[in-house]
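Notes for the one structure printed next.
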Amino acid sequence: MSRGLLLKSFIFRWPWLTAILTGFFFGLSAAALAGENPFHVMSIMLLAAVGTPYDLGMTLVYTTPLIFSGLSVAVAYRAGLFNIGAEGQLVLGGMAATALALRFGAQFPQLASSSSFAPMALGMMLCGLAAAFIGGLAGLITGYLRARRGSHEVVTSIMLNFLATAITSWLVLEKFHSVDTQNPETRPVAAAFKAVAFGGFDGAPVTIWFVAGILSALIVAIVFDRTLLGFHLRATGENSVAATFSGIDTGRQMMIAMALAGALAGLAGLGDILGGAGRYRIGFSSDYGFTGIAVALLAGGRPLAVIASAFLFGALHKGALDLDFETDHVTRDLAMIIQGCVILFASARWFHRKKSS
Amino acid sequence: MPLLKNEHTKARKMRIELRDLTKSFASVAANDGVSFHVDSGEILGLVGENGAGKSTCMNMLFGHIVPDSGTILVNGSEVRFRSPKESIKAGIGMVHQHFLLALPLTGLEHLELVAGRGAKAHAVKAMRDLGFEFDLAARVEDLSVGQQQQLEILKVICQGARVIILDEPTAVLTPVEVEPFLERLRRLRESGHAVILISHKLDEVLRVCDRIAVMRSGRVTGIYDAASVSAEELASSMMGEGTTRVKAKTSRMEAGTIPVLKMTDYHLPAGRGALDVSLGVNEREIVGIAGVEGNGQEWLFKVILRIAPRLRSESGSISVSGRELTHLSAREIRRAVRIALLPFDRRSEGLLLDGDPATNLLLSGVNPSSYRRVLPWSLLRLRALEFFAKYDILPPGWTGPVRLLSGGNQQKFLVAREMEQEPALVLAAHPTRGVDFRSSQAIHETIMVARNRGAAVLLISSDMDELCKLSDRIMVMVRGKIVQEFKRGPDGGFDVPAVGMAMVSGAQSGSFGGATGGMPGGGAS
């Protein structure tokens with residue numbers, strides 16, 4: 001086997017690993033050009049990402065929303081759709097959960113301030129349902145417009161992103177604004193809704209919502225691999241003409257896929273809102289929805305791979321934070337460069353698909 | 001400028017030689033030491049059953065696939081084609097079975113795309129020399145299938161091809177178009193081109209070729225002089241020693257009288273899919289639809305399956321087993337009636353090409369209700385294996401993507417999937433197109449068995465032999481209308497020339513959806 005063939009078969013078998021390696025190579029080359037030792041940069045990032053239990057915890061905190069938004073994009077992708085609206089679905093879902101928590105807290109103050117198991121489980125469930133429902137509704141709008149009206153989902157979901165931001169800003173500032181702060185944020189949610197941080201991460205707010213992310217990935221994987229619904233979604237994505245001929249209502253599948261995608265994206269903000277801050281802050285999402293596209297792309301749309309992919313991007317995000325202090329020539333923006341390169345190589349078509357007839 | 005180069009090379013002789021070409025896919029040898037040559041000024045026939053390796057061999061010659069070992073020689077010097085671009089540059093052109101044309105562009109625009117501004121003069125001359133007849137200024141969507149094929153050939157000539165590979169060219173032609181096509185091939189030979197003709201139809205190959213190479217299981221089993229070989233010798237070379245032709249085992253049971261499919265005054269207005277049809281298919285009956293392609297046949301399937309666009313403007317009724325379909329959605333229909341569908345284009349309409357056979361089993365309109373809970377993958381894989389064995393699909397035990405199966409084997413797989421579920425109604429379009437002789441016999445058998453078991457079969461085909469062999473009645477469709485119905489004569493056969501006449505009767509007059517010539521419509525039983 002020649003060296004070229006060896007390389008080719010490596011790329012063919014592990015396209016994602018190729019993307020990561022080449023992405024890091026080019027990103028670190030940029031750091032080298034800026035005058036930093038790339039190995040030094042790499043070790044800073046590694047330590048900052050997983051060096052201590054706290055660092056690892058924070059990495060998981062950043063990973064949590066990316067699992068959800070990555071799954072959201074992946075679900076749509078498998079059904080042949082591009083969900084660029086995860087960002088909007090995410091803020092709407094987060095807002096819905098916050099609003100519910102605040103209303104509920106005002107209605108039943110005793111129950112809501114209890115931090116025993118039953119009220120907390122109920123609180124989590126209610127918030128999750130509200131976030132998934134509203135996010136799913138936002139996704140369904142896009143899905144409906146695509147399936148029944150033929151409007152492209154990229155256009156409508158981008159526009160819905162702006163709507164979602166505007167609506168949540170209004171709600172935060174006019175309806176749920178905190179009286180004792182100047183910041184653009186809501187009142188804090190009551191104790192029953194606040195997710196408790198797991199021990200062992202030195203105070204990093206890794207909560208039940210991280211576990212929920214992993215579980216969601218498992219559920220999505222099972223739906224896609226083992227159920228007829230999952231097959232119908234996949235068939236719609238892979239060959240919608242053949243799906244139509246076999247009696248599958250592809251429009252319906254698109255709506256289901258977008259509603260599912262929206263529901264998953266809707267849950268993405270809850271780790272931050274209910275786990276970390278305990279309130280809704282405008283701009284809490286550092287583009288989780290858009291990073292979700294990168295996460296799903298690197299994972300090739302496979303739900304379980306999304307977990308690993310989200311962890312990589314979470315670690316990259318956390319690891320780059322220390323670059324601001326520890327180096328002279330590069331900042332945390334290096335993470336963006338590496339991320340960009342990884343995505344570029346993940347989406348690259350390394351091989352022409354040969355037509356076999 | 002490829003054109004000028006072509007003018008210069010015109011007089012030059014060219015020889016392409018394949019030596020010991022070998023290529024395996026997933027440890028299955030698709031080509032195993034294939035050697036033959038072709039010279040300019042001759043037509044080489046390449047015959048073999050589905051999966052014999054013809055396509056793989058030609059794809060290596062055309063640079064689609066890189067051989068594992070072996071060499072290709074052009075005029076005695078070794079070449080390595082890594083892409084079709086390189087083989088085109090070397091003077092090799094290929095016309096695929098599935099045309100690669102853009103419907104809204106004109107013929108001339110296509111030629112200019114591949115050969116630059118000067119294409120027209122060259123093309124006009126080539127058309128005159130070769131006897132091509134179509135309007136270069138017409139859009140491709142307005143050309144007939146035969147004319148589109150001429151355009152494809154012209155395209156490769158304008159690219160400077162001296163060796164032209166034609167993959168199953170006659171499969172898409174109507175019977176009347178075949179003879180003129182063969183004549184054009186002879187002219188192509190006279191003008192100094194080398195032609196490699198891939199075909200299943202031995203009589204055509206024998207009529208037009210100079211030499212014939214036969215392939216079986218990835219090897220060349222013989223190269224014959226067309227003048228001194230018989231169809232029987234070719235067939236035994238194709239199918240192996242001691243193989244006799246399969247005889248039709250299934251006798252034709254009396255056709256039933258209970259109508260299964262019934263279309264009454266069904267009308268779908270104007271546009272590409274105009275239909276104006278009354279027809280009925282009884283249980284235990286095969287109704288063949290004859291017609292030049294593009295006369296509304298595919299819309300027949302689409303309206304029955306409720307997947308045609310603009311169904312809101314339809315009128316009339318369609319019923320299956322007494323159940324009105326026009327109120328139901330596509331999904332409800334497939335739940336209500338067991339319909340087996342062999343679609344027009346198996347690749348785009350019947351299969352998930354990247355999926356494995358087990359996954360593709362799920363893409364059937366009729367699935368057991370037990371699938372609705374958890375997908376029984378092990379059972380599905382087992383069923384797929386079973387089908388591969390029972391229907392003799394190659395390679396046996398395949399679990400990779402169905403994309404890599406040959407066209408004929410994809411079709412056999414589809415037949416297995418659709419016909420194994422005891423359908424009440426069978427919608428079959430060109431069931432044996434691109435399928436070799438033996439497999440065609442098997443597919444015909446399968447359809448006959450389903451018929452005798454009680455299924456109503458609506459069969460659309462452009463292969464007259466197939467229609468005559470299978471059908472209980474033949475209806476001729478022209479411009480969305482049934483213009484004439486034929487029954488078996490006293491000798492048990494059909495009046496083939498009359499069917500042919502009816503097919504072209506309305507073709508010249510009127511516009512689509514307008515007044516049609518020929519017999520008055522309405523052939524309901």
Task: Top-ranked residue of the stretch B:159-183 - restricted to ones that are closer than 14 Å to B:LEU197 by Cα and among the acidic types (Asp, Glu), ranked as nearest to the chain's Cα centre (by Cα) - done: B:GLU168
- [ ] Kindly indicate the residue of the stretch B:417-426 that is touching a helix residue (DSSP H, G or I) at 6+ places or on another chain (Cβ under 7 Å) and buried (at least 24 other Cβ atoms within 10 Å of the Cβ) and also nearest to B:ASN360 (Cα to Cα) among those meeting that condition.
- [x] B:ARG417
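Looking at the stretch B:433-451, which of the residues that are of a type in the set (A, V, I, L, M) and within 28 Å of B:THR257 (Cα to Cα) is modelled with the lowest pLDDT? Break it down stepwise before answering.
Quick first cut of the stretch B:433-451, residues of a type in the set (A, V, I, L, M) only: B:435, B:442-443, B:447-450.
From the residues that got through so far, the ones that are within 28 Å of B:THR257 (Cα to Cα) too are B:442-443, B:447-450.
On the way: B:ALA442: 87, B:ILE443: 91, B:ILE447: 93, B:MET448: 92, B:VAL449: 91, B:ALA450: 91.
Selected residue: B:ALA442.
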TODO: Go through (1) part of a helix (DSSP H, G or I); (2) of a type in the set (S, T, N, Q); (3) surrounded by fewer than 21 Cβ atoms within 10 Å (Cβ to Cβ); (4) within 14 Å of chain A (Cβ to nearest Cβ) one by one and return the number of the condition B:GLN441 breaks.
DONE: (4)
Task: Every residue from the stretch B:290-302 that is touching a Leu at 6+ places or on another chain (Cβ under 6 Å) and over 16 Å from B:ASP463 (Cβ atoms) - done: B:GLY296, B:TRP299, B:PHE301
Open item on the list: Against the conditions (1) surrounded by 21 or more Cβ atoms within 10 Å (Cβ to Cβ); (2) at the interface with chain A (Cβ under 7 Å from one of its Cβ atoms); (3) assigned to a helix (DSSP H, G or I); (4) not hydroxyl-bearing (Ser, Thr, Tyr), where does B:ARG403 fall short? Just the number, please.
Closed with: (1)
Open item on the list: Here are the criteria: (1) touching a residue at least 40 places away in the same chain (Cβ under 8 Å); (2) surrounded by fewer than 18 Cβ atoms within 10 Å (Cβ to Cβ). Tell me which single one A:MET159 does not satisfy.
Closed with: (1)
- [ ] Report, by residue number, each residue of the stretch A:136-176 that is hydrophobic (A, V, I, L, M, F, W, C), in a helix (DSSP H, G or I) and modelled with pLDDT under 90.
- [x] A:VAL172, A:LEU173
Open item on the list: I need the full set of residues from the stretch A:103-135 which are modelled with pLDDT of 85 or more and either touching a Gly at 6+ places or on another chain (Cβ under 6 Å) or part of a loop (DSSP other than H, G, I, E, B) (or both), in order please.
Closed with: A:ALA131, A:ALA132, A:ILE134, A:GLY135
TODO: Consider only pairs whose beta carbons are under 8 Å apart and that are at least six residues apart or on different chains; among these, list those whose first residue lies in the stretch A:231-246 and is more than 7 Å from chain B (Cβ to nearest Cβ) and in contact (Cβ under 8 Å) with a residue 12 or more places away in the chain and whose second residue is surrounded by fewer than 24 Cβ atoms within 10 Å (Cβ to Cβ) and small (Gly, Ala, Ser).
DONE: A:THR236/A:GLY80; A:GLY237/A:GLY80; A:SER240/A:GLY80
Open item on the list: Let me confirm something: among B:ARG117, B:ARG139, B:ARG128, which residue is among the basic types (Lys, Arg), over 22 Å from B:VAL205 (Cβ atoms) and touching a strand residue (DSSP E or B) at 6+ places or on another chain (Cβ under 6 Å)?
Closed with: B:ARG139
Task: Pairs, first within 19 Å of B:PHE132 (Cα to Cα) and among the basic types (Lys, Arg) in the stretch B:181-205, second in a helix (DSSP H, G or I) and at pLDDT below 90, C-beta under 8 Å, six or more apart - done: B:ARG184/B:LEU130; B:ARG187/B:ASP129; B:ARG187/B:LEU130
TODO: Could you check how many residues of the stretch B:334-352 are of a type in the set (A, V, I, L, M, F, W, C) and facing chain A (nearest Cβ under 7 Å)?
DONE: 3
- [ ] Sort out which residues of the stretch B:477-494 are out of contact with any Phe, Trp or Tyr (no Cβ under 6 Å at 6 or more places or on another chain) and of a type outside the set (Lys, Arg), and write them in order of number.
- [x] B:MET477, B:VAL478, B:GLY480, B:ILE482, B:VAL483, B:GLN484, B:GLU485, B:GLY489, B:PRO490, B:ASP491, B:GLY492, B:GLY493
TODO: Within the stretch A:105-122, track down each residue that is touching a residue at least 12 places away in the same chain (Cβ under 8 Å) and farther than 24 Å from A:GLY283 by Cα.
DONE: A:PRO109, A:LEU111, A:ALA112, A:SER113, A:SER114, A:SER115, A:PRO119, A:MET120, A:LEU122
Task: Search result, residues across the stretch B:44-85 that are under 20 Å from B:ARG216 (Cα atoms) and of a type in the set (A, V, I, L, M, F, W, C) - done: B:LEU44, B:LEU46, B:VAL47, B:ALA52, B:CYS57, B:MET58, B:MET60, B:LEU61, B:ILE65
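The values are calculated or read from the model by the stated rules, or taken from the named source; none is laboratory data. No experiment lies behind these values; they were computed from the predicted model shown. For neighbour counting, all protein chains shown are included, and Cβ atoms are generated from backbone atoms with ideal geometry for every residue, glycine included.
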